[in-house]
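The values are calculated or read from the model by the stated rules, or taken from the named source; none is laboratory data. All values derive from a computational prediction rather than experimental measurement. Cβ coordinates were reconstructed from backbone atoms using ideal geometry, including for glycine residues, and neighbour counts include every protein chain displayed. Note: accessible area is taken over every heavy atom of the protein model, side chains too, but ligands, DNA and RNA are not part of it. Shrake-Rupley method; radii C 1.70, N 1.55, O 1.52, S 1.80 Å.
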Amino acid sequence: MAELKQSRPKGTQDFVPPDSERMRQVEETFRNLAECYGYREIVTPTFEHAAVFVKSSGETSDIVTKEMYSFKDRADRDLALRAEGTPCVVRAVVENRLRMPCRLYYVGPFFRYARPQKGRFREFNQVGVEALGEASPLTDAEVISFGNAFFESLGIRDCTTQVNSIGCRECRPAHRAELRKFLLERKEQLCEDCKLRIDRNPLRVFDCKVELCRQAVKDAPTPRQYLCSACKSHLEEVLAGLDRRGLRYEVNDRLVRGLDYYNRTTFEYISASLGAQDSLGGGGRYDYLIEEFGGPDTPGVGLAIGLERTILAAPVTPATARRHLAFVVWLTEAELGAAQDLGERLRADGIAAQVDYDARKVKGQFKSADAAQACCCVIIGPDELAKGVYSLKDLATGEQREVPSSAISAEVRTLFRE
Ligand code: AMP
């Protein structure tokens, strides 16, 4: 047979147990919390027309220029693996003419061609919420605190919430002009990317990680200095909403986020335990995006959180060594039928049960139970069959006792509780 040995592509991951289970747990926590705030799930395709991202995130954004997995299909269509959630959700909301206001959440894989490192992958999982048709700054505050509630429920404590406002169509042009002037005077100190940003999108210079650029923009005019009165009071009300909840945050004038579609509120959650890729998630308001996708003039605000980084930042809960799984062990071929029946009966009672049909010897079956990390074995031999009992062995303590066959499900459950 031809050699098929392959490794996974760079920047991707396998989630094997128990990591796959941890991932599911975190996802479940998110789903429950999102539903608790009135969000309902939306599922969109994992690839879209490339224009969905190019038009919304901006032609000059890092995501579009450097990170998008774009390709042509066999009919020469320009497609892209989805690089972020908001544009897909907005595209779907407009296409399906959903009634406003409308709260949606999503969970799923995203793809970006970035240099892999700790906390940065080429395929990663994001969860997010989008509150569409809600203009109030109180929604911004609620969305921000939703993210905090999510991290808190996972025991993440070293997370700082940063908030900013980048203004609106009214006040942005004046800031942009001033910033452009400021950057032109310091052009020689900027990296090649930032030199191009001066004319294309000067705000993005705030996002640059190059130290010289950071130094250069230290005293640059900030969006907050140029907010119109409506944007100013919007920001004040967002912050008041956070204060009301007793939520700690920092206002970060440099927090602009690298996407074109945001206006007013932007925010990000930073973890001290992650190293260079320290952003757990973030989001903002996007009051123009729905209209740009051909929908009615509708405001929106949302957030996206990366699951891999969330799991990295969450305290490691000691893996429960044993699973809530009962392993049925049969002694001789004569009990094989009874073992199958017992497996089905336990499952019908809502108990996860497994039988090793291959190992002819008891020792082999116990080894399988151990490999499966079952918490107990239910043993059926000729004696047990004759007496109408099972022997129940607690694999954590090694204790074994006889249990009347009618009581087996209840007795197994008592072990699950320990
Ligand atoms: P963004 O859409 O860039 O604001 O990303 C939102 C969150 O998704 C980030 O804060 C990360 O937690 C996560 N994320 C973004 N890009 C990656 C990546 N390449 N690998 C892993 N997680 C990522």
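The set of residues in the stretch 276-304 that are among the polar types (S, T, N, Q) and closer than 18 Å to residue 104 by Cα contains only 298.
On inspection, residue 43 fails the criterion of being of a type outside the set (Lys, Arg) and either assigned to a helix (DSSP H, G or I) or surrounded by 12 or more Cβ atoms within 10 Å (Cβ to Cβ) (or both).
Is one or more of the residues making up the stretch 160-175 of a type in the set (Gly, Ala, Ser), under 28 Å from residue 307 (Cβ atoms) and surrounded by fewer than 20 Cβ atoms within 10 Å (Cβ to Cβ)? The answer is no; no qualifying residue exists.
Restricting attention to the stretch 271-311, the residues being within 14 Å of the ligand (Cβ to nearest atom), of a type in the set (Ser, Thr, Tyr) and surrounded by 19 or more Cβ atoms within 10 Å (Cβ to Cβ) number 3. Could you tell me whether residue 20 is within 30 Å of residue 194 (Cβ to Cβ) and either in the same structural domain as residue 293 (by TED's automatic domain parsing) or of a type in the set (S, T, N, Q) (or both)? Taking the combined requirement at face value, the residue does not satisfy it. Among all residue pairs at least 6 apart or on different chains, which show Cβ distances below 8 Å where the first residue, located in the stretch 396-418, is in the same structural domain as residue 370 (by TED's automatic domain parsing) and the second is surrounded by 13 or more Cβ atoms within 10 Å (Cβ to Cβ) and of a type in the set (Ser, Thr, Tyr)? Once the first residue is in the same structural domain as residue 370 (by TED's automatic domain parsing) and sits in the stretch 396-418, its partners that are surrounded by 13 or more Cβ atoms within 10 Å (Cβ to Cβ) and of a type in the set (Ser, Thr, Tyr) give 400/391; 401/391; 402/390; 402/391; 403/390; 403/391; 405/390; 408/390. Restricting attention to the stretch 94-126, the residues being under 16 Å from residue 38 (Cβ atoms) and touching a residue at least 12 places away in the same chain (Cβ under 8 Å) number 8. From the list 212, 196, 179, 184, which residue is open to solvent by less than 30 Å² (accessible area, probe 1.4 Å), assigned to a helix (DSSP H, G or I) and over 21 Å from residue 301 (Cα atoms)? Matching residue, one of 212, 196, 179, 184: 179. In this entry, residue 150 passes the filter for residues that are open to solvent by less than 40 Å² (accessible area, probe 1.4 Å), within 14 Å of the ligand (Cβ to nearest atom) and closer than 16 Å to residue 37 by Cα.
Of the residues contained in the stretch 328-343, one or more are found to be in contact with a strand residue (DSSP E or B) (Cβ under 6 Å, 6 or more places away or on another chain), without any contact (Cβ under 8 Å) to a residue 40 or more places away in the chain and open to solvent by 10 Å² or more (accessible area, probe 1.4 Å).
Filter the stretch 60-87 down to residues that are open to solvent by less than 50 Å² (accessible area, probe 1.4 Å) and among the polar types (S, T, N, Q) and give me whichever is farthest from residue 283 (Cα to Cα). The extreme case among them is 60. Taken together, the residues in the stretch 90-148 that are under 20 Å from residue 44 (Cβ atoms) and part of a helix (DSSP H, G or I) amount to 7. Within the stretch 8-22, residues that are farther than 18 Å from residue 114 by Cα reach partners that are more than 16 Å from the ligand (Cβ to nearest atom) with beta carbons closer than 6 Å, at six or more positions or on different chains, in the pairs 18/319. Taken as a whole, the condition of being more than 16 Å from the ligand (Cβ to nearest atom), touching a residue at least 40 places away in the same chain (Cβ under 8 Å) and either surrounded by 17 or more Cβ atoms within 10 Å (Cβ to Cβ) or not basic (Lys, Arg) (or both) applies to residue 240.
Residue-by-condition table, conditions (1) surrounded by fewer than 16 Cβ atoms within 10 Å (Cβ to Cβ); (2) within 16 Å of the ligand (Cβ to nearest atom); (3) not assigned by TED's automatic domain parsing to the domain that holds residue 66:
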| position | (1), (2), (3) |
| --- | --- |
| 89 | no, yes, no |
| 99 | yes, no, no |
| 118 | yes, yes, no |
| 131 | no, no, no |
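Annotation for the stretch 347-363: at least one member residue is of a type in the set (A, V, I, L, M, F, W, C), surrounded by fewer than 12 Cβ atoms within 10 Å (Cβ to Cβ) and farther than 30 Å from residue 281 by Cβ.
Yes or no: the stretch 46-57 includes at least one residue that is in a loop (DSSP other than H, G, I, E, B), within 16 Å of the ligand (Cβ to nearest atom) and farther than 15 Å from residue 259 by Cβ. Looking for residues that are in a loop (DSSP other than H, G, I, E, B), within 16 Å of the ligand (Cβ to nearest atom) and farther than 15 Å from residue 259 by Cβ, one finds at least one in the stretch 46-57, hence yes.
Looking for something crowded, with 22+ Cβ neighbours inside 10 Å, away from the ligand (no atom under 11 Å from the Cβ) and among the charged types (D, E, K, R) - is there at least one such residue anywhere in the stretch 137-144? Yes, there is a match, as at least one residue in the stretch 137-144 is crowded, with 22+ Cβ neighbours inside 10 Å, away from the ligand (no atom under 11 Å from the Cβ) and among the charged types (D, E, K, R). Here residue 367 clears all of (1) part of a helix (DSSP H, G or I); (2) open to solvent by less than 70 Å² (accessible area, probe 1.4 Å) except the condition numbered (2).
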